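The block underneath contains the structure these notes are about, expressed in structure tokens.
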2 protein chains.
Amino acid sequence: MLPKDVQAILEEMKAEKIRGASYLAKKGAEAYIKLSDLLDGFELSSAIEELSREILNVNPTMASLYNLTHFIKPSQDPEFVKAKAQEFIKLSEEARKEIGNIGSELIDDGDIIITHSFSSTVLEIFKAAKVKGKMFRIILTESSPDYEGLALAKELKKIGISFEIITDAQIGFFAKKSTLAFVGADNITQDGCVINKAGTYLLALACFDNGIPLYVAAESFKIHPKLKAEEIEIVERKFKRNHFLIRNFLFDVTPWRYVRGIITELGILVPPKEL
Amino acid sequence: MLPKDVQAILEEMKAEKIRGASYLAKKGAEAYIKLSDLLDGFELSSAIEELSREILNVNPTMASLYNLTHFIKPSQDPEFVKAKAQEFIKLSEEARKEIGNIGSELIDDGDIIITHSFSSTVLEIFKAAKVKGKMFRIILTESSPDYEGLALAKELKKIGISFEIITDAQIGFFAKKSTLAFVGADNITQDGCVINKAGTYLLALACFDNGIPLYVAAESFKIHPKLKAEEIEIVERKFKRNHFLIRNFLFDVTPWRYVRGIITELGILVPPKEL
């Protein structure tokens, strides 16, 4: 049985309804730090094994959780565990910054950039481009039913980047008017599929049909070294509107052939030619 | 100056926010009937010219209004005008029934049929298939921000056709699980593009990518004999959500190459091979 404070973090992770892979991985790392504050020796190493199982249980097919639990190995030394968990968090933050730097180099003055939902990694790209003095504007989807797009709009307003908000159904209409597209990723499979907020696949198709390059911004720990697209479990959260039950799978699958490149902290991954 | 009762119909047409081409054409025909009740002789023929201009003004690029105003020629004989307007309404109703009949033949037992927004012509297909005893179910989009999908859901519930409702952003996710797709059309251009509720283009792309046949159900009077896709004016109705202004173009453009066929009362039109 894991200590109560660690259980509490796991409960928070399970209850999280909006934020995705990066947030959950960070929370998971914090659970290891908490554990290393409370236990040591054999108790610690066996609790780490249990915690890793529990973290994977939050979402058994999410790469960021898989990679976190493989980054932190069972150990009897609390200092070592804490150092590894802190290193994971630090590497994640540095990765996001570096993706911002690399991604912003793809933006030219005058670009009209379309994005879908709210990716903090994509926001990092916009911030870096703004700091570099690039002139561009954003088209963003409101992203029903949780309206993550409106949260992104608030952030863009704060930092003075101009934007327009569209309904999700207009993704095709506005992709045609765009010059560039960026989306985040919740998960990238071993066969190069991008699992991201439902609607990403539609944006990718519309960009592809109009010759608009679409890039995915994702820290390398979001790449699953083993699972293929069809093995990924897509979470659903049904809701009601006007007494009708609405199906609500949170993510969809975008095949790699519709993606111009995946921007990681290590560089931009491009799809193999034969796709 | 047109009579007050006729003006009132025009105002209704201009104010209409949800219903599209079929509804507006019928309303327009009713305006001619009203006019033929009130005027005759030279007064009537010149009022018809004015009414036709005003009807076109409601939406200058809408085929159904263009075709209505060409179906009813200026005449000094009220009986003749009334008969033509009534004929237009009757032909429209018969066309919808016949499309229902033709379209329902495309449905096989076990089909999972995806549709977007609410087309009364597509509903006619579902009704005819139900009468013929076919077993199928519908996946329909809620169709934000006006939720026409929920109105369709109510109709399907009444007639006992099973359905599931999805958010617009899941069009790609659920197109993959479908076996057939039907949409309506607000306008079909001379170059074969389908102008329909924003999101139709996305559904067409997703169906095409997954080999799912997508058919458009449209009375032949929705085909514009002159205008090409880029000449069509797409109506926008911006709205606010959480203090943010949301762009809201009502329609998008689906190129003919993504459409398996356009079901009209005259038969199924298929795209030319070279597309």
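The values are calculated or read from the model by the stated rules, or taken from the named source; none is laboratory data. Here the structure is a predicted model, which is why all the values come from computation and not from measurement. As a convention, Cβ positions derive from the backbone with ideal geometry for all residues, glycine included, and neighbour counts pool all protein chains shown.
For B:Phe182, the conditions (1) within 14 Å of chain A (Cβ to nearest Cβ); (2) in contact with a Leu (Cβ under 8 Å, 6 or more places away or on another chain) all hold with the exception of (1). The condition of being closer than 30 Å to A:Ile161 by Cα and among the small types (Gly, Ala, Ser) holds for only one of A:Ser120, A:Ser52, that being A:Ser120.
Which count do you get for residues in the stretch A:232-245 that are among the basic types (Lys, Arg) and not in a loop (DSSP other than H, G, I, E, B)? Before you say what the answer is, go through the steps one by one.
Going through the stretch A:232-245, the residues among the basic types (Lys, Arg) turn out to be A:237-238, A:240-241.
Subset that is not in a loop (DSSP other than H, G, I, E, B): A:240-241.
The number of residues fulfilling the criteria is 2.
Could you grab me the full set of residues in the stretch A:155-168 that are part of a helix (DSSP H, G or I), among the aliphatic types (A, V, I, L, M) and touching a Leu at 6+ places or on another chain (Cβ under 7 Å)? Steps first, please.
Quick first cut of the stretch A:155-168, residues part of a helix (DSSP H, G or I) only: A:155-159, A:168.
Restricting the remaining residues to those that are among the aliphatic types (A, V, I, L, M) gives A:156, A:159.
Within the stretch A:155-168, none qualify.
A quick yes/no check of all residues on (1) out of contact with any Cys (no Cβ under 8 Å at 6 or more places or on another chain); (2) of a type in the set (A, V, I, L, M); (3) in the same structural domain as A:Ile195 (by TED's automatic domain parsing); (4) under 19 Å from A:Ile195 (Cβ atoms):
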{"site": "A:Leu38", "(1), (2), (3), (4)": "yes, yes, no, no"}
{"site": "A:Asn67", "(1), (2), (3), (4)": "yes, no, no, yes"}
{"site": "A:Ile72", "(1), (2), (3), (4)": "yes, yes, no, no"}
{"site": "A:Gln86", "(1), (2), (3), (4)": "yes, no, no, no"}
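Every condition in (1) without any contact (Cβ under 8 Å) to a residue 40 or more places away in the chain; (2) within 24 Å of A:Cys193 (Cβ to Cβ); (3) of a type in the set (A, V, I, L, M, F, W, C) is met by B:Ile159 except one, and the failing one is (2).
Residue-wise test of (1) of a type in the set (Phe, Trp, Tyr); (2) under 17 Å from A:Thr264 (Cβ atoms); (3) away from chain B (no Cβ under 14 Å).
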position	(1), (2), (3)
A:Ala95	no, yes, yes
A:Gly103	no, yes, yes
A:Ile114	no, no, no
A:Lys127	no, no, yes
A:Ser144	no, no, no
A:Gln170	no, no, no
A:Ile188	no, yes, yes
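In the set A:Leu140, A:Leu152, which member is within 22 Å of A:Asn101 (Cα to Cα), in a strand (DSSP E or B), within 14 Å of chain B (Cβ to nearest Cβ) and under 17 Å from the mean Cα position of the chain (by Cα)? After applying the criteria, what remains is A:Leu140.
Within the stretch B:191-231, the set of residues being assigned to a loop (DSSP other than H, G, I, E, B) and either within 12 Å of another protein chain (Cβ to nearest Cβ) or among the basic types (Lys, Arg) (or both) comprises B:Ala198, B:Gly199, B:Asn210, B:Lys226, B:Lys228. Applying a threshold of 9 Å to beta carbon distances and a minimum spacing of six or more residues, or different chains, the list of pairs starting in the stretch A:243-256 at a residue that is over 23 Å from B:Ala151 (Cβ atoms) and assigned by TED's automatic domain parsing to the domain that holds A:Ile195 and ending at one that is modelled with pLDDT of 95 or more and of a type in the set (Lys, Arg) reads A:Leu250/A:Lys197; A:Phe251/A:Lys197; A:Asp252/A:Lys197; A:Asp252/B:Lys176; A:Val253/B:Lys176.
Summed over the stretch A:98-134, the residues that are touching a residue at least 60 places away in the same chain (Cβ under 8 Å) and either outside any loop (DSSP other than H, G, I, E, B) or in the same structural domain as A:Phe42 (by TED's automatic domain parsing) (or both) give a count of 14.
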